[in-house]
Each structure stands twice: as structure tokens, then as C-alpha cells.
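Report on one structure; see the data block that follows.
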Amino acid sequence: MSMFPGSIAFDEYGRPFIILRDQDRQQRLTGTEAIKSHIMAARQVAHTVKTSLGPKGLDKMMVSQDGEVTVTNDGATILKLMDVDHEIAKLMVQLSQSQDDEIGDGTTGVVVLAGALLEQAESLIDRGIHPIRIADGFELAAQCAVKNLESIAEPFPISSDDKEPLIKVAMTTLGSKIINKCHRQMAEIAVDAILTVADLEKKDVNFELIKVEGKVGGRMEDSCLVKGVIIDKTMSHPQMPKTLKNAKLAILTCPFEPPKPKTKHKLDVTSAEDYKALREYEQEKFIEMVKQIKDAGATLAICQWGFDDEANHLLLQQGLPAVRWVGGPEIELIAIATGGRIIPRFEEISAEKLGHAGVVRELTFGTTKDKMLVIEECKNSKAVTILVRGGNQMVIAEAKRSIHDALCIIRSLVKDSRVVYGGGAAEISCALAVAKEADKLSTLEQYAFRSFSIALEAIPLALADNSGLAPMETLAELKSRQVQENSAVLGVDCMLSGHSNMKTHHVIEALHSKTQQIILATQLVKMILKIDDVRSQASE
């Protein structure tokens, strides 16, 4: 009986009824009330990120429990760091996360859209329409919007000869971020990085080959793209040469030090002579190891593990520069870039496993003793590193996130080069198409269609609001102009330049990204609308 959530009792007529356990401690929301509570939570989340939409959007400062501060404009990051208790709000966080994983950009937009859809659903529920009918209507409307996106999408030229269009797109993505003061330069860095590693034939971009490193100090304008690998390490001994030309690298993942007697076996060192002999033996063995590496032709050893000072000193004596404690991902990158093989066991060392690099040099920063190693002019020039500089850790972290967004959007353009126009232009066009479709429907779904069309307008409204324009007036004007001129390139003029043709502003978004936003937001809203009963343990 203990499996049962309560106990059975009988009333005076002998009819059984169940007394549930812990009923006083459970909270239960059912029916419309549950849906209303969800919608409120989701709207709250959407409201929070709404103000960070667009080029004039504001940033959020998140302070974690241990006092770590993050200032960011990236929707996914804001939501990830927000302390969210409500289960529906958690779904919103995952929504922005999946947009981030899939596309990398548009994380704020997708949450704002989902929030707006739920807001619309609420008024439909109040009018007595069943949630499932609303959900199905939204689904159909989303399909209609996606169809419309495909019809207004334009092909986009991608070639490594003419980078200008791509740079313009990257600048759109970076426009709303903190780094928009050296906007153009960052966009160029991102485009160069992608084009270096992209395979335009296969339309594929391997993200593993792009590494973003940050170093505090210097201005943001000092950021640069290095065709090669940067590791945040220095030569193991300060007297080793700072620059190596035509280096041959031995990439070791095995420990590189004199053989130490393992403590498992008992070793009796009873006199000073024994000790001396042991030490000499260790040293001899190590010098032999170094000789082995030098015989293979290596001029630089890169080790995943460390080695002690004694070994360090011997390496200096033998004239073999080395770098220690290089992390796993860096080791792999170095191997890819230099065309070398990783050597897991010392016995396997041979000349053909060495990597080649034209220059290995130390970068020094400012007046501090901060140094990093750069491995350039590699055999396989596909590996690149973006080095971001900035005034403090926060700025650098945000710049890294922004660059990541720019890299992602260029990558999705390489994969599918059709584009739509941003600034809310695509959303307005979809809203008009969905509303038009609604007039043809005779079923209840037409209400859902109209609501969907209103929800799509939330993005241009938020953009106008954030830019200090009058939201409703701007939207009304844009809608009528899009219909009159039959053009899907008119969007919110966030930069207050006096004209709203997004094509001349180069405010471009990847079709793939927009489609994904609409689909993901609709899926989440459908899921939320279908929940009508929530049981949770009441907080004591």
C-alpha cells in the first residue's frame, strides 16, 4: 500500500474515496489559471530582454552570487545568467540557448517573439478560444510566415574576392554590441577568420579552427587576427630564444622529464654515493631523451605536461627551447596548424611526426611581463586565432561573445546564402502576409492568425521603442509603405538617418536565422499553451 499516494477510506454508504497524502503542502494550478501564470512568467522574461534589442538596445549587468560581474547585450548570455525560478521562464532560457547553438545570433529576438505570441494567446483565451485551437493556428501561421520569408529572401554573393557584403552583414550583428566603436575592424576580423577556414565548395566552416583569445590591456582597436595559433604561455626558461625561424615542433603528450623512481618500489639510498649515482643516472637519461628529440630534427618541444626546474635547466643547457603546460585543445590546434602529429609515447618520436612553423615568437604586451607565444606561417594556414584586447576582463568577455555572434552569422551565410532584411523589415512583411492569409480562413484559426501577425510586430515595435522613436506611429507608417511600395526592405530606421530602406543601410539577416527564430518561438509557445495543470511542492 505504501506505493499509493494516499489512503483509501469509505463513506457511510460504503463508497471508497481516496485521501491523498501531503495535499496541504502541494500547490496546484489548473486550467486557464495555469496558462495565465505561465504567460505572465514568459512575458516577464521577454520584457527583461526586450530593451537590449537592436543597435540602440541597452546592456544588462549580471552579478553572480560570488560577485562576478558580466555586462552583456547577448540575449542567450543574459538569460543564462539570470536567476530564474519559474519553470516556464526556464524554458525561455533554453529557447534562447537553442537559437544560440543552432545559429548563434538572434537570441534576443526569439525570446521577444515568444513573449509576444503568449501575450496574444492570453487575449484569445479570454475570448473563449480553446488553447489547442490557438496552438494549431499559431503553427499554421508560422508556416505561412516562413513561406513568406522564403519568397522575399534574396541571394547573397559570397566570395573570398569581394568581402565587402559579408563585412556589412557582420557589422549588422555587431551594431548592437559594445564593440561598435571599432565596428568595422571587428567585422573585418570576423570575415577574414571565417573565409580563411571556410570550405566554400562544400559550404562548410569548421569552427574548431577559430580560436578567440583575450588579453587585458591595450585598446580594443589593438585586436587582431593571427594566421596561426596563439597560446597563453611562454618559453619555459627566460633565457631561451624569443623568436625561432623555421621551427620544427615536437608535440608531446607524454611527460618529459628525468625518469623518477616510482615510490611503489622500495629504493634504498643508504649513502651519499648512492644518491649521487641516482642523480647522475637520472640526468644522463634525460640528456639522452633531449638528444633523441634533437636528433629527430626538432627545434622546439611543446609539452602538455610540465617538467621540473632541473629538467628546464638541462633543456637550456642542451639548447632545446620548450613550452610546458599547453592545454589539450591548444595542443590539437597546434598539431592541425603545423601539420605535426601528437606524440603520445616517447619511443615513437621520429622526424616525420614533427610540425613545421615559419615563425614562433613571443608577443609582449605593454610594460607588464605579460607574454604569449604566436606560432605563424604554418604548413596548414587554416587555423586562425583572434586576439581581443580591451580595458578589462568584462569588456573582453563581451567582445568575445560579440565576435562569436558575428562568426556564427557569417558561417550560416556560407551554409545558406539567402538573406532577408533586418530592422524589423522581414517581420513586418511576414505580419502583413499572415494577416492577409487570415482573411481567407473561415475557421476559428483566423483569430490565431491575426494574433500571430500582431505578435510579429513586437520586434519592430521594440526596435522603434529602443531607438527613441514613437513605436506605434513608426510601425503604422512602415506597414502602409510596405503594402504600397510592395517592398520587404523597409524597416525601422534605428540610426535615425531619415530613410528606412534597410538595403542601403546594409542591415541584413540570414534567412536561416530568421526562419529558425519563428519556428523555435512557435514551438515553445505551442508547448506552453498545452499545459493546463501544474503541481509543485509549495515552498515551505
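The values are calculated or read from the model by the stated rules, or taken from the named source; none is laboratory data. Since we're looking at a predicted model, the values are computed, not measured. FYI the Cβ positions are ideal-geometry reconstructions off the backbone, even for glycines, and counts take in every protein chain you see. The area values use the complete protein model at the heavy-atom level, side chains included, leaving out ligands, DNA and RNA. Shrake-Rupley method; radii C 1.70, N 1.55, O 1.52, S 1.80 Å.
When 9, 89, 41 are screened for being at pLDDT 85 or above and either touching a Phe, Trp or Tyr at 6+ places or on another chain (Cβ under 6 Å) or farther than 23 Å from residue 103 by Cβ (or both), only 41 passes. Going by what's in this entry, would residue 399 be described as of a type outside the set (Phe, Trp, Tyr), open to solvent by less than 10 Å² (accessible area, probe 1.4 Å) and farther than 30 Å from residue 71 by Cα? So residue 399 does not fit the description; no. All of (1) farther than 23 Å from residue 463 by Cβ; (2) in a helix (DSSP H, G or I) hold for residue 128 with one exception: (2). Here residue 325 passes the criteria (1) farther than 20 Å from residue 239 by Cβ; (2) modelled with pLDDT of 85 or more except the one numbered (1). Of the residues making up segment 118-126, at least one is among the β-branched types (Val, Ile, Thr) and either out of contact with any strand residue (DSSP E or B) (no Cβ under 8 Å at 6 or more places or on another chain) or open to solvent by less than 20 Å² (accessible area, probe 1.4 Å) (or both).
Restricting attention to segment 164-180, and to residues there that are surrounded by fewer than 24 Cβ atoms within 10 Å (Cβ to Cβ) and farther than 17 Å from residue 74 by Cα, which single residue is modelled with the highest pLDDT? Of everything passing the filter in segment 164-180, 167 is modelled with the highest pLDDT.
Specify the residue that is farthest from residue 113 (Cα to Cα); the eligible residues are those in segment 37-65 that are of a type outside the set (S, T, N, Q) and open to solvent by 70 Å² or more (accessible area, probe 1.4 Å). Result: 63. Which ones in segment 307-317 are out of contact with any Ser or Thr (no Cβ under 8 Å at 6 or more places or on another chain) and surrounded by 15 or more Cβ atoms within 10 Å (Cβ to Cβ)? Within segment 307-317, 311, 314, 316 meet the criteria. Among the candidates 267, 320, which residue alone is without any contact (Cβ under 8 Å) to a residue 24 or more places away in the chain and either touching an Asp or Glu at 6+ places or on another chain (Cβ under 6 Å) or assigned to a loop (DSSP other than H, G, I, E, B) (or both)? The unique qualifying residue is 267.
Here is a list: 450, 535, 481. Which entry is in a helix (DSSP H, G or I), surrounded by fewer than 21 Cβ atoms within 10 Å (Cβ to Cβ) and basic (Lys, Arg)? If you could, list the steps in order and put the result at the bottom.
Details: 450 fails: surrounded by fewer than 21 Cβ atoms within 10 Å (Cβ to Cβ); 535 fails: in a helix (DSSP H, G or I).
Criteria check complete, one pass: 481.
Taking (1) part of a helix (DSSP H, G or I); (2) closer than 19 Å to residue 243 by Cβ in turn, residue 347 satisfies each apart from (2).
The test for being more than 19 Å from residue 289 (Cα to Cα), open to solvent by 20 Å² or more (accessible area, probe 1.4 Å) and acidic (Asp, Glu) holds for residue 376. For residue 429, the stated conditions hold: it is of a type in the set (Gly, Ala, Ser), open to solvent by 10 Å² or more (accessible area, probe 1.4 Å) and either outside any loop (DSSP other than H, G, I, E, B) or touching a residue at least 40 places away in the same chain (Cβ under 8 Å) (or both).
Just name the residue that is farthest from the chain's Cα centre (by Cα) out of those in segment 69-102 that are in a helix (DSSP H, G or I) and under 14 Å from residue 402 (Cα atoms). Walk me through how you get there before you give the answer.
So the first thing to find is which residues in segment 69-102 are in a helix (DSSP H, G or I), and the list is 75-81, 87-102.
Now narrow it down to the ones that are under 14 Å from residue 402 (Cα atoms): 75-78, 100.
Numbers: 75: 10, 76: 8, 77: 9, 78: 12, 100: 6 Å.
Only one residue tops the list, namely 78.
Among the residues of segment 318-329, what is the count of those that are of a type in the set (A, V, I, L, M, F, W, C) and open to solvent by 10 Å² or more (accessible area, probe 1.4 Å)? Can you show your working first?
If we filter segment 318-329 for residues that are of a type in the set (A, V, I, L, M, F, W, C), which is where we start, we get 320, 322-323, 325-326.
Going one step further and asking which of them are open to solvent by 10 Å² or more (accessible area, probe 1.4 Å), we end up with 325.
Total meeting the criteria: 1.
Residues satisfying the criterion are present in segment 248-268 (criterion: open to solvent by 20 Å² or more (accessible area, probe 1.4 Å) and among the hydrophobic types (A, V, I, L, M, F, W, C)).
Test residue 291 against the criterion of being open to solvent by 70 Å² or more (accessible area, probe 1.4 Å) and assigned to a strand (DSSP E or B), and give yes or no.
Details: open to solvent by 70 Å² or more (accessible area, probe 1.4 Å): yes; assigned to a strand (DSSP E or B): no.
Against the criterion (open to solvent by 70 Å² or more (accessible area, probe 1.4 Å) and assigned to a strand (DSSP E or B)), residue 291 does not qualify.
Residue 68 - would you say it is open to solvent by 60 Å² or more (accessible area, probe 1.4 Å), at pLDDT 85 or above and not hydrophobic (A, V, I, L, M, F, W, C)? Answer is yes for this residue.
Please specify each residue of segment 390-407 satisfying the condition of being of a type in the set (D, E, K, R) and within 22 Å of residue 195 (Cα to Cα). Listed by number, the residues that qualify are 400, 401, 405. Is there a residue being part of a loop (DSSP other than H, G, I, E, B), farther than 19 Å from residue 54 by Cα and within 26 Å of the chain's Cα centre (by Cα) anywhere in segment 454-472? No, segment 454-472 contains no residue that is part of a loop (DSSP other than H, G, I, E, B), farther than 19 Å from residue 54 by Cα and within 26 Å of the chain's Cα centre (by Cα). Just one of the listed residues (388, 395, 420) is in a helix (DSSP H, G or I) and in contact (Cβ under 8 Å) with a residue 12 or more places away in the chain, namely 395. The set of residues in segment 453-478 being under 13 Å from residue 141 (Cα atoms) and open to solvent by less than 60 Å² (accessible area, probe 1.4 Å) consists of 453, 455, 456.
Residue count for segment 270-317 satisfying the condition of being free of Cβ contacts under 8 Å to residues at least 40 places away in the same chain and closer than 23 Å to residue 245 by Cβ: 5.
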